[in-house]
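The values are calculated or read from the model by the stated rules, or taken from the named source; none is laboratory data. Quantities reported herein were computed from a predicted structural model and do not represent experimental measurements. Because the Cβ atoms are built from the backbone with ideal geometry, glycine has one as well, and the counts that use them run over all protein chains shown. When the accessible area is computed, the model is the full protein with side chains, heavy atoms only, and any ligands, DNA or RNA have been set aside. Shrake-Rupley method; radii C 1.70, N 1.55, O 1.52, S 1.80 Å.
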Amino acid sequence: MVRRQMEPHDAKREISNLTAQIRRHEKLYRLQNAPEISDAEFDRMMRRLRELEESFPQFKSPDSPTERVGSDLDGSFEEVEHLTPMQSLDNVFDADQLRDFDARLRRVLGLAPAPANIRKDEAAEAANAANDGASANGDGGAAGGKGAENAGESSEEDSGKSSESAEPQPLVYCVEPKIDGAGISAVYENGRLMRLLTRGNGREGNDISTNAFLIRNLPLELKGDFPALLEVRGECYMTVGEFERIRAERFEREQKKLEQRREKERAKLRKGKSKSQSELPNFEDSAAKPSALFGGAAAAPVENSGNSDDSSNPGELGVLESSAASASSGDSIIPAKSGNSGNSSNSGKVSGYANPRNLAAGTMKLLPKTFEENPELKNRELLAVFYSVGACEGFRLRRQSDLPATFKRWGLPCVDWFCAADGVDSALEKIAQFDTVRRALPYNTDGAVLKLDDVSLHSLAGATDKAPRWAIAWKYPPERRKTRLKAVTLQVGRTGVVTPVAELEETEFPDSKVSRATLHNAGYIAQKDIRVGDLVVVEKAGEIIPAVVEVDKSARPADSRPYEFPQNCPECGAKLARFGEKMLYRCPNFSCPPQVRGRLAHFASRGCMDIEGLGDKMTAFLVDNFSVASPADLYGLTAERLLENEKFRDDKGGLSKTGANLLAALEDSKRRPLWRLIFGLGILEIGAQFAKELSRRFGSLDAIANAPLSEIMAIENFGSKAAKDAQSVRALSIRAFFDDSRNRDTIERLRVCGLNFADADFGGAGMPGGSGASGGIFAGRAFAITGRLESMDRMRAQALIESLGGRIQSAVSSKTDYLIASPDSAGSKLEKARKLGVEIVDEARFLQMLEEGGVRPDTASAPENLEALNPPRLSPEGGGPKAEASRKRAEDSGDQMSLF
Ligand SMILES: [Zn+2]
């Protein structure tokens with residue numbers, strides 16, 4: 001628990017830090033489907049926050065993450081209210097906490113404390129042993145003892161209330177799997193599926209009925225004696241097998257595409273020369289294989305970083321920094337062993353999906369348009385499993401343990417494993433049992449759920465805002481191993497962030513061997529007092545990069561010393577600078593080799609300028625042998641210069657194919673769309689989506705370079721009134737980049753080389769693209785949308801509104817000017833608009849308004865235009881389908897997206 005002597009001041013700061021971090025990770029998990037930390041790490045943060053809030057209730061904010069259900073609402077699907085709220089569950093992690101839960105529940109129900117149980121210690125040990133795995137804290141016996149103590153305490157407290165009952169009965173629990181999927185709620189009326197919703201924020205969910213077909217075992221009609229109205233809750237999941245299939249197919253597609261491109265290049269060259277290609281490019285090959293350094297975990301962080309341009313949590317510089325840091329740990333740790341630090345631009349291209357859960361959540365929210373463009377996505381198979389009832393008419397459940405059989409009767413998929421347990425000790429035994437069988441189930445599980453079996457007691461027990469009091473989730477810990485920390489090495493990313501990496505004595509996890517793990521940053525090392533030579537606990541969960549999470553201080557060598565973060569860049573010797581709320585160390589030297597290599601590789605990568613053959617290795621080679629230091633230097637390469645190095649000479653002393661290919665690819669890249677150049681320049685905080693937005697708004701590189709800060713700030717998501725806001729960081733970053741004379745110089749040289757500096761579509765094609773946020777007829781107006789529109793989907797409506805200068809709000813407030821509502825829409829938004837006197841606009845009127853603004857929705861329907869029109873959204877739209885869509889784009893172009 002929280003130490004008594006903690007200063008309120010420190011507690012306050014820690015609470016606010018934890019809250020910001022939890023929000024950010026919640027968003028990565030629920031909206032981006034791209035978690036950066038393991039669930040266990042997340043749970044730890046949540047527990048710590050709860051502890052602090054209990055000790056210092058004065059600093060607890062009313063909307064603390066401990067008090068509410070996280071939200072997956074992302075604005076792309078209609079938001080519909082659940083008939084009954086869809087709550088989440090509180091978690092427990094050991095026997096002690098489970099006893100506390102049971103004792104609390106007994107008190108709420110007015111029952112005497114749990115009867116003593118002679119098998120208590122044994123059962124607690126069994127469950128705790130299950131939870132400890134092969135790792136650190138073997139304190140099962142101690143937990144059992146403490147549980148007994150607690151029971152004693154509460155018996156004193158409650159003796160007055162419940163002394164009549166001589167022989168108190170244990171509560172009966174139904175123990176079920178805790179499925180690691182995405183929450184769904186299905187509503188059946190007279191046995192027919194009427195609606196399928198995501199969990200959303202617990203009160204409202206996204207209506208994903210159009211995607212119900214993806215869930216193969218979801219019945220459209222119920223069988224048997226079903227009730228007139230039935231709201232059922234469950235999880236949507238993807239089997240590991242299906243996940244692997246999709247991954248494998250994606251890999252194959254990538255390989256095929258790569259092969260086709262190479263074939264094309266070869267064909268081009270065959271015209272000139274006729275030599276065999278067998279020993280051709282050995283430069284880029286290494287990049288095509290996912291790194292095995294982290295047991296195949298390499299892909300996840302790269303994808304995370306790819307999304308980070310949409311994901312930055314508005315509000316905290318520190319948060320942005322940490323996102324840069326974690327991305328750069330992905331971007332710098334991985335290639336280290338292949339002799340390149342600084343960039344792993346291609347390692348994410350093969351297996352970008354983090355895990356089945358994330359892919360299921362993303363698939364569930366694919367937009368109709370995405371299916372039209374990619375019919376093969378319809379083949380993805382999702383499954384559902386249901387475990388509880390929400391609203392219901394004409395049926396009364398007596399025992400939770402009767403539910404699976406009832407569901408089966410109605411034709412609903414239900415859990416395959418469950419059992420009733422008398423009291424906590426029996427439940428602990430079942431939990432331990434389940435840990436041995438759960439790996440054989442078709443879905444991933446991360447724990448067990450205990451529900452009070454007697455349903456009539458549920459309403460008596462009641463619920464908090466967030467979770468029912470009659471159910472609890474037991475979470476199994478992720479795999480952990482103890483090993484020795486041999487050394488700490490530093491990696492410098494392309495943005496200069498220096499990331500510490502743990503070099504470990506190799507240790508074996510079920511699916512891989514681990515010899516390196518992330519240490520996140522200097523603050524993390526200091527906070528945990530991690531020292532070289534320590535026995536450390538390493539945790540690896542799913543596809544997340546292994547991390548050092550704990551130190552066994554009892555095993556610390558006598559001569560150990562606190563780790564001192566080096567003051568100089570390990571690569572160039574420059575004195576490191578430390579700034580931002582997170583105080584990350586950065587190498588400030590613009591010419592620091594890994595930064596130079598990283599910037600160039602980023603510039604050339606497929607997501608940016610897409611220069612074929614210019615992968616990590618080739619980039620490093622050019623930096624070392626041709627003094628290439630900026631993108632402009634790349635375009636200064638000529639056949640004459642390349643011939644100076646034997647690598648680029650063939651047998652007869654002429655230019656080798658590799659050399660010719662490189663020059664052709666460079667020439668080819670000069671005509672890339674403007675946004676690729678903007679993205680490629682590597683402006684901090686400007687990923688692909690924001691680069692597209694800049695291109696669309698300003699039309700040329702010069703217009704961006706010369707735009708006053710205020711103008712950039714005026715663009716939604718680039719600036720805001722609050723100066724510390726992350727959005728302002730984006731605008732400031734753009735200004736800082738173009739104000740730097742080195743960057744100006746690079747840009748002038750790129751101009752001389754003949755690169756495309758203009759957006760070809762700017763202001764053209766009847767689109768009001770050039771007018772930007774300030775010029776359109778909707779300027780300064782705020783719009784909200786509810787219901788389905790006939791003439792276009794919601795994304796398109798949003799894009800059109802924004803193209804005319806309007807703003808989109810996800811909720812109706814007093815600041816909303818118009819609510820666009822379809823005639824059949826009902827619900828909270830419409831109600832609120834009426835209450836607040838917000839003008840309600842029907843579709844016909846909306847179309848008319850668009851036309852007044854010079855937009856005919858039916859004339860500008862090319863997907864490219866829509867793409868260009870779709871401004872990047874931060875919140876809450878940054879998520880699921882967007883993330884999926886960008887993943888889709890990444891697949892198409894082999895794009896590894898932004899690196900930070
Ligand atoms: Zn350096």
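If you roll a 1.4 angstrom probe over the protein chains with everything in place, what fraction of the accessible area of the stretch 8-67 belongs to carbon and sulfur, to the nearest %?
So the carbon and sulfur contribution to the accessible surface is 51 percent.
Let's test the formula: R0 of 30 Å, r as the Cβ-Cβ distance of residue 781 and residue 378. What FRET efficiency results, to the nearest 0.05?
Efficiency computed from Cβ-Cβ geometry: 0.20.
So for the pair residue 575, residue 391, with labels modelled 7 Å out along Cα→Cβ, what separation do we get in nm?
In this crude spin-label approximation the distance works out to 6.7 nm.
Averaged per residue, what accessible area in Å² does the stretch 414-573 show with a 1.4 Å probe, protein chains only?
40 Å²
Simple spin-label model, 7 Å along Cα-to-Cβ: residue 54 to residue 221 in nm?
5.2 nm
Say the cut-off is 26 Å between C-alpha atoms; which of 60/553; 223/829; 256/617; 369/475; 27/829 go over it?
Check vs 26 Å cut-off fails for 60/553; 223/829; 369/475.
Mind checking the full-extension length gain between residue 793 and residue 263? Use 0.36 nm per residue of separation minus the Cα-Cα distance, one decimal, nm.
Details: separation 530, 0.36 × 530 = 190.80 nm, distance 3.96 nm.
Difference between extended and current length: 186.8 nm.
Any idea how far apart residue 398 and residue 752 come out in nm if each label point goes 7 Å out from Cα toward Cβ?
Reported label-point gap for residue 398 and residue 752 is 8.9 nm.
Heavy atoms only, 1.4 Å probe, whole protein assembly: order 713, 86 by accessible area, highest first.
Values: 713 55, 86 5 Å².
These residues rank, largest area first, as 713, 86.
Express in nm, to one decimal, how much length is gained between residue 255 and residue 408 on full extension, taking 0.36 nm for each residue of separation and deducting their alpha carbon distance.
Numbers: separation 153, 0.36 × 153 = 55.08 nm, distance 4.36 nm.
In short, 50.7 nm is gained.
With the other protein chains left in place, how much accessible area per residue, in square angstrom, belongs to the stretch 8-67 at a 1.4 angstrom probe?
With all protein chains present, the stretch 8-67 gives 44 Å² per residue.
Can you give the extra length, in nm with one decimal, that the chain gains between residue 83 and residue 815 once fully stretched, where that is 0.36 nm per residue apart less the Cα-Cα distance?
Stretched fully, the residue 83-residue 815 segment lengthens by 260.7 nm.
From the backbone phi of the stretch 219-233, what are the Karplus-calculated ³J(HN,Hα) couplings (6.51 cos²θ - 1.76 cosθ + 1.60, θ = phi - 60°) in whole Hz, Gly and Pro given as x?
Per residue, the Karplus-derived 3J(HN,Hα) values read x, 7, 10, 8, 10, x, 8, 5, x, 4, 10, 9, 10, 10, 10 Hz.
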